[in-house]
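Down below is the structure, laid out as structure tokens.
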Amino acid sequence: MTASITRRLLLGAAVALGLAGAAAAEYPDRPITLVIPFAAGGSTDVVGRIVADRMSQELGQQVIVQNVGGAGGSLGAAQVAKADPDGYTILMATVATHALNPLILKQKPYDPVADFAPVSLLVLVPNVLAVNPELPVNTVQELIDLSKSEPLAYASSGNGTPLHLSGELFKAMAGIDLTHIPYKGSGPALTDVLGNQVPIIFDNLPSASGHIASGKLRALGVTTAERAPSFPDIPAIAETLPGYETYTWNALFAPAGTPPEVVEALNKAALVAMADPAVAERMQEFSATIVASSPEELAEHVQAEMAKWEPVVRDANVSLD
């Protein structure tokens, strides 16, 4: 290779690096799409819209919410995994998209680690174990005892969902058997539990909270390690089964290969958003606990969640096409 060619190549590389640096420094210079991999109206959608609104203010560009539901969140997650790694398409992820689906789905549409750049863990949302008031139990222990003397069933929002797996973990740790009745969403499951077609349900606390407050459901325990601030009178299941802990979580991811400067900008905007008292108040309304994090902490969280759920999924023999 001649000296002149070498000089031209080095000059070209320097120019390219300079342009890349300038592009990163100017980020963002157009709207950002936040893909929410579930239908509008659920807790992930609510969290996403609150965060998108506040991050828009911080970034100086609109963060536009796009709902891409289907396959338990996998369709939306796969869309972001395949997007250009420029920071203009990001994902509002959950325990389903980044811990359960990769363990459960026979066909893997994406790799939760290799295909994404972590940005920030945002919130934890409790689930709740509740029963129809006609079931003669008032505590988690009474439910465990009753299940040993008669067959019982629990409802969830569907096979392979975090709520289904919350029930399977409960069964395993309590040493009991409960028949799982899957529904196509939380709404139909709640309807049948309220009508006493199925006596027990694992649901998101925000979804069930109105029925709990009205007395149409009896809450036996929240699934987080500690009681939920919004319902301090509901015990944690862990008070009966030490070590039991499940929850839905929301986090931001960008496609793998997104420049570190862009990830840093997104992380900073997310942290500012989650520190806003107005955002905190909105999150508290539906029992979400803010846990804004660094990208590295989110990466560790995903690894820990997959390690936690792998034996539960295996032992329950849960798989989906």
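Nothing in this text is a laboratory measurement; each read-out follows from the coordinates by a stated rule. Keep in mind that this is a model prediction, so the values were computed, not measured. Positions of Cβ are generated from backbone atoms using ideal geometry, with glycine treated the same way; all protein chains shown enter the neighbour counts.
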- Phi-based couplings in Hz for the range 121-131 (Karplus 6.51, -1.76, 1.60; Gly and Pro marked x): 6, 10, 9, 10, 10, x, 9, 9, 9, 9, 9
- Query: From the phi of every residue in the range 313-321, what ³J(HN,Hα) in whole Hz does the Karplus formula 6.51 cos²θ - 1.76 cosθ + 1.60 yield, where θ is phi - 60° and glycine or proline is x?
  - Reply: 4, 5, 5, 7, 6, 8, 8, 9, 6
- Task: Using only the Cα atoms, work out Rg/Rh for the range 83-212, with Rh taken as the Kirkwood radius, to two decimals.
- Result: 1.05
- Task: Only Lys, Arg, Asp and Glu count, each charged at its Cβ (+1, +1, -1, -1), so figure out the dipole size of the chain about its Cα centre, rounded to 20 debye.
- Result: 660 debye
- Task: Run the numbers on the range 45-128 and let me know its relative contact order in percent, using alpha-carbon pairs under 8 Å that are six or more apart.
- Result: 20 percent
- Note on the structure: For the chain, averaging the sequence separation of alpha carbon pairs under 8 Å that lie six or more residues apart and dividing by its residue count, the contact order in percent is 26 percent
- Projected onto their principal axes, the Cα atoms of the range 27-80 stretch, largest extent first, over whole-Å spans of 33, 20, 9
- Given charges at Cβ of Lys, Arg, Asp, Glu: the chain dipole, positive-most of I36, H180, Q107: Q107
- Modelled label-to-label distance, K268 and K308, 7 Å Cα→beta-carbon offset: nm? 3.1 nm
- Over the range 144-223, what relative contact order in percent results from Cα pairs under 8 Å that are six or more residues apart? 34 percent
- Message: I need the phi-derived Karplus couplings for the range 84-96: 6.51 cos²θ - 1.76 cosθ + 1.60, θ = phi - 60°, integer Hz, Gly and Pro marked x.
- Response: 4, x, 10, x, 9, 9, 10, 10, 8, 8, 9, 4, 5
- Within-14-Å neighbourhood charge of P109 [Cβ basis; K, R +1; D, E -1]: 0
- Query: To the nearest 500 deg cm²/dmol, what mean residue ellipticity at 222 nm is calculated for the chain from DSSP H runs of n ≥ 4 alone, each contributing -39,500 (n - 2.57), summed and divided by the residues?
  - Reply: -13500 deg cm²/dmol
- Query: By how many degrees, between 0 and 90 and to the nearest 10, does the Cα long axis of helix 162-174 differ from the longest principal axis of the chain?
  - Reply: 50 degrees
- Note on the structure: N317 and S294 label points (each 7 Å along its Cα→Cβ direction) are spaced in nm at 4.4 nm
- Note on the structure: Counting only residues 5 or more apart in sequence or on a different chain, those whose built amide H sits under 5 Å from that of L105 are L320
- Rg (Å, one decimal) plus Dmax (Å, integer) for the alpha carbons of the chain? 22.1, 87
- Query: Suppose every K and R has +1 on its Cβ and every D and E has -1 on its Cβ; what is the size of the dipole of the range 57-204 about the Cα centre, in Debye to the nearest 20?
  - Reply: 300 debye
- The set of residues whose placed amide H lies less than 5 Å from the amide H of T246, leaving out same-chain residues fewer than 5 positions away, is T224
- On a 0 to 90 degree scale, rounded to 10, what angle separates helix 43-59 from the longest Cα axis of the chain? 30 degrees
- Message: If you take every residue apart from Y183 with its C-beta less than 13 Å away from the C-beta of Y183, what net charge results, scoring Lys and Arg +1 and Asp and Glu -1?
- Response: -1
- Task: Specify the inter-centroid distance of the range 204-269 and the range 115-178, based on alpha-carbon positions, in whole Å.
- Result: 14 Å
- Note on the structure: Taking trypsin sites (Lys or Arg not before Pro) as exposed when in a DSSP loop with at most 10 other Cβ atoms inside 10 Å, the chain has its longest clean stretch at 185-321
